[in-house]
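A short worksheet on the structure shown next.
The values are calculated or read from the model by the stated rules, or taken from the named source; none is laboratory data. Just so we're clear, the structure is a prediction, and the values are computed from it rather than from any experiment. With ideal geometry, Cβ positions are generated from the backbone for all residues, glycine too; neighbour counts draw on all protein chains shown. Keep in mind that these areas ignore ligands, DNA and RNA; they rest on the heavy atoms of the full protein, side chains included. Shrake-Rupley method; radii C 1.70, N 1.55, O 1.52, S 1.80 Å.
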Amino acid sequence: MSLSIKMDIDAVEDVTCLDPELLQLPDVSPFALKASPQLVEDLFSQWLSLPGTGHLVKSLIDDAKSGTIVNASTNFSTLNAVGSHSLPSMFPSSNAPPLSPRSSSGSPRTSRQKSSPSALGSPLKLVSEPMQEIIPQFYFQNGCPPTKELKEQCLSQINHLFNNPLNGLQIDEFKAVTKEVCKLPSFLSSALFRKIDVDWTGIVTRDAFVKYWVNGNMLTMDIATQIFEILKRPGCKYLTQVDFKPVLRELLATHPGLEFLRNTPEFQDRYAETVIYRIFYHINRSGNGRLTLRELKRGSLVAAMQHADEEEDINKVLRYFSYEHFYVIYCKFWELDTDHDFFIDRENLIRYGNHALTYRIVDRIFSQAPRKFTSEVEGKMGYEDFVYFMLSEEDKSSQPSLEYWFKCIDLDGNGVLTPNEMQFFYEEQLHRMECMAQEPVLFEDILCQIIDMIAPEREYCITPQDLKRCKLSGNVFNILFNLNKFVAFESRDPFLIRQEREEPTLTEWDRFAHREYIRLSMEEDVEDASNGSAEVWDESLEAPF
């Protein structure tokens, strides 16, 4: 190789990277090139030996130095015309491998030719600059700012509501802002007011509200995020039970369906506690007492709040807020708590449902296997613990209930129910059948029935996922430790079946609470008639109401 050609080649390497396609070489497998680097050297040497190669390289260098636009299509076509006849093949014609099939869509060479030097303008810059596409900002650390139209509409409403001499609103005047501007349930008014009035001045000015709601981008958040941001304490990323107390206090003070409780502060507190316990039972799936934004969005609390704000009859709001549901829970607790110390022990709980539960399942509950007690008293269950128990017992179709009872039956805590564990609890059921002169059902038959009902992925190994897939999974637990419900399931009451078909939206808990409330109301009416008085509130400790 001459020195002049070598210098020319070095200069070319500094300014360009030539496309191998321009060489018009025979097809060579990439694997052959990797396996034989010498083959590449031989091909390159042959290309350099072509008559027009040196002239081409020199002309390209001269054009690049002068800054002129290089259009080498003519040069390349001339060189290719010469090189296609003068370049010897690396393979003998008789032993040449067949070329791969080509198509306009699948050939790599065809796809590369679409971006040839003639199309790109210069072979010295084969990779063209990508077109700049403006991507709008999609993440905002403090929330997406409102559009100009939305902001103007909101400011117009704000100016109308804050049009007073004080240029501000007191807490009892703030409800209109909560409803009309923020589109939130009215009983969140006090919580929102306190969130803005951090200095406790008793007045929220127009500028303070605009700064928090509009400039703080609360306006564009979804309603679940808005409620979460209003209720949570500064610096926290979750809600606790305490955060809901101001909301329940305002609901009790303003809702027409709870007006009759205003003179009984003790039962107002009990109602508020029960509602909060029910909220965390259904929504706080982690069970740690810290309600996250994700859990709030996945739950039905926001819809229930909106329903409670629109419905005057609080008993029609079946999710969380129904007073009848609170009445049933509290009366059940009061009946079992014979000494009225607001705690329940094993002997008290064994009387639940007319002695429906077995001793073994009650022992598992008090071992705190399904849930740690909040009573902080050894061997005692508090009111919150009882609420969790009762909701789980009366509606075994819900996911919190399935998880509650699964932990009770799973003796070794390995996440799988085995025949031995189920037999341990069913043995007491079998003994109770014999004592009641009922025809006993052998465990082998019961096990076959359970497996057919659940259809687990692994035979004789039932997981929580297996139970959640089956609509009848709650009956498995009734078979194992609740004799009354087991017998009712076997008898298949036609009235209850028809009731379920007529009201498919109601849960097992809704139906139970409705029946139990009617029963308790009738008992109370009879007691009032026997006492010759309808003033239930004057009773001492004989009844909770």
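Using the structure shown, decide if I279 is open to solvent by less than 50 Å² (accessible area, probe 1.4 Å) and within 20 Å of I171 (Cα to Cα). Walk me through how you get there before you give the answer.
Working: open to solvent by less than 50 Å² (accessible area, probe 1.4 Å): yes; within 20 Å of I171 (Cα to Cα): no.
The answer is no for I279.
Just one of E295, E324, E273, E335 is among the charged types (D, E, K, R) and more than 20 Å from E394 (Cα to Cα); which is it? Even if it seems obvious, please write down each step before you answer.
Values: E324 fails: more than 20 Å from E394 (Cα to Cα); E273 fails: more than 20 Å from E394 (Cα to Cα); E335 fails: more than 20 Å from E394 (Cα to Cα).
Of the residues listed, the single one that is among the charged types (D, E, K, R) and more than 20 Å from E394 (Cα to Cα) is E295.
Going residue by residue through segment 353-371, is there one that turns out to be free of Cβ contacts under 8 Å to residues at least 40 places away in the same chain, of a type in the set (K, R), assigned by the TED database to the domain that holds W509 and open to solvent by 10 Å² or more (accessible area, probe 1.4 Å)?
No - not one qualifying residue is present in segment 353-371.
Quick one: which helices (runs of 4 or more DSSP H) lie wholly within segment 268-374 and hold at least 2 residues that are small (G, A, S)? Full working, then the answer.
Details: elements: 293-298, 301-310, 323-336, 346-349, 352-355, 359-366.
Counting at least 2 such residues, we get 301-310.
Could you grab me the full set of residues in segment 243-274 that are under 34 Å from the mean Cα position of the chain (by Cα), polar (S, T, N, Q) and over 12 Å from F321 (Cα atoms)?
T254, Q268
Give the number of residues within segment 392-421 that are among the polar types (S, T, N, Q), touching an Asp or Glu at 6+ places or on another chain (Cβ under 9 Å) and open to solvent by 60 Å² or more (accessible area, probe 1.4 Å). Quick ask: steps written out before the conclusion?
Residues of segment 392-421 among the polar types (S, T, N, Q): 392, 397-399, 401, 414, 418, 420.
Okay, now just the ones that are also touching an Asp or Glu at 6+ places or on another chain (Cβ under 9 Å), so 392, 397-398, 401, 418.
Going one step further and asking which of them are open to solvent by 60 Å² or more (accessible area, probe 1.4 Å), we end up with 397.
Residues meeting the conditions: 1.
Return the total of residues in segment 151-174 being in a helix (DSSP H, G or I) and open to solvent by less than 70 Å² (accessible area, probe 1.4 Å).
Of the residues in that region, 6 qualify.
With without any contact (Cβ under 8 Å) to a residue 24 or more places away in the chain and surrounded by 16 or more Cβ atoms within 10 Å (Cβ to Cβ) as the only criterion, which of I497, I518, I479, I454 stands out?
On the way: I497 fails: surrounded by 16 or more Cβ atoms within 10 Å (Cβ to Cβ); I518 fails: surrounded by 16 or more Cβ atoms within 10 Å (Cβ to Cβ); I479 fails: without any contact (Cβ under 8 Å) to a residue 24 or more places away in the chain.
From the options I497, I518, I479, I454, the qualifying one is I454.
Determine whether segment 224-234 contains at least one residue that is farther than 19 Å from F187 by Cα and out of contact with any helix residue (DSSP H, G or I) (no Cβ under 7 Å at 6 or more places or on another chain). Break it down stepwise before answering.
The initial filter retains those residues of segment 224-234 that are farther than 19 Å from F187 by Cα, namely 234.
Those still in the list that are out of contact with any helix residue (DSSP H, G or I) (no Cβ under 7 Å at 6 or more places or on another chain) too: 234.
The answer is yes; a qualifying residue exists.
Look through segment 328-352, keep the residues that are crowded, with 18+ Cβ neighbours inside 10 Å and among the β-branched types (V, I, T), and return whichever of them is farthest from D410 (Cα to Cα).
The qualifying residue farthest from D410 (Cα to Cα) is V328.
Please find, among K183, K195, the residue that is open to solvent by 40 Å² or more (accessible area, probe 1.4 Å), closer than 21 Å to L252 by Cβ and at pLDDT 90 or above.
On the way: K183 fails: closer than 21 Å to L252 by Cβ.
When all the criteria are applied, what remains is K195.
Residue check, L231 against (1) surrounded by 19 or more Cβ atoms within 10 Å (Cβ to Cβ); (2) at pLDDT below 95, all met but one. Which one?
L231 satisfies all of (1) surrounded by 19 or more Cβ atoms within 10 Å (Cβ to Cβ); (2) at pLDDT below 95 except (2).
For segment 225-248, which positions are over 12 Å from L293 (Cα atoms), of a type in the set (D, E, K, R) and in a helix (DSSP H, G or I)?
D243, K245
Do you know which of the residues in segment 428-451 that are touching a residue at least 60 places away in the same chain (Cβ under 8 Å) and open to solvent by 20 Å² or more (accessible area, probe 1.4 Å) is nearest to the chain's Cα centre (by Cα)? Before you say what the answer is, go through the steps one by one.
Initial filter on segment 428-451 (touching a residue at least 60 places away in the same chain (Cβ under 8 Å)): 428-429, 432.
Filter again for open to solvent by 20 Å² or more (accessible area, probe 1.4 Å), leaving 428, 432.
Working: E428: 40, R432: 43 Å.
Here the residue is E428.
Taking the condition open to solvent by less than 90 Å² (accessible area, probe 1.4 Å) and farther than 30 Å from L252 by Cβ, does T178 pass?
Values: open to solvent by less than 90 Å² (accessible area, probe 1.4 Å): yes; farther than 30 Å from L252 by Cβ: no.
So T178 does not fit the description; no.
Quick one: is M422 within 22 Å of E459 (Cβ to Cβ), more than 25 Å from the chain's Cα centre (by Cα), assigned to a helix (DSSP H, G or I) and not β-branched (V, I, T)? Before the answer, list the steps.
On the way: within 22 Å of E459 (Cβ to Cβ): yes; more than 25 Å from the chain's Cα centre (by Cα): yes; assigned to a helix (DSSP H, G or I): yes; not β-branched (V, I, T): yes.
Yes: the conditions hold for M422.
Could you list, in sequence order, the residues of segment 304-318 that are open to solvent by 10 Å² or more (accessible area, probe 1.4 Å) and closer than 18 Å to L184 by Cβ? Lay out the reasoning, then the answer.
We begin by selecting, within segment 304-318, every residue open to solvent by 10 Å² or more (accessible area, probe 1.4 Å); these are 306-307, 309-313, 315-316, 318.
Correct list: Q306, H307, D309, E310, E311.
Somewhere in segment 198-215, is a residue farther than 21 Å from I276 by Cβ, part of a helix (DSSP H, G or I), of a type in the set (G, A, S) and not assigned by the TED database to the domain that holds G289? Outline the logic, then answer.
We begin by selecting, within segment 198-215, every residue farther than 21 Å from I276 by Cβ; these are 198-215.
Cutting the leftovers down to part of a helix (DSSP H, G or I) gives us 206-214.
When the remaining residues are screened for being of a type in the set (G, A, S), the result is 208.
When the remaining residues are screened for being not assigned by the TED database to the domain that holds G289, the result is 208.
Yes, because at least one residue in segment 198-215 is farther than 21 Å from I276 by Cβ, part of a helix (DSSP H, G or I), of a type in the set (G, A, S) and not assigned by the TED database to the domain that holds G289.
Within segment 41-57, track down each residue that is without any contact (Cβ under 8 Å) to a residue 12 or more places away in the chain and of a type outside the set (G, A, S).
E41, F44, H55
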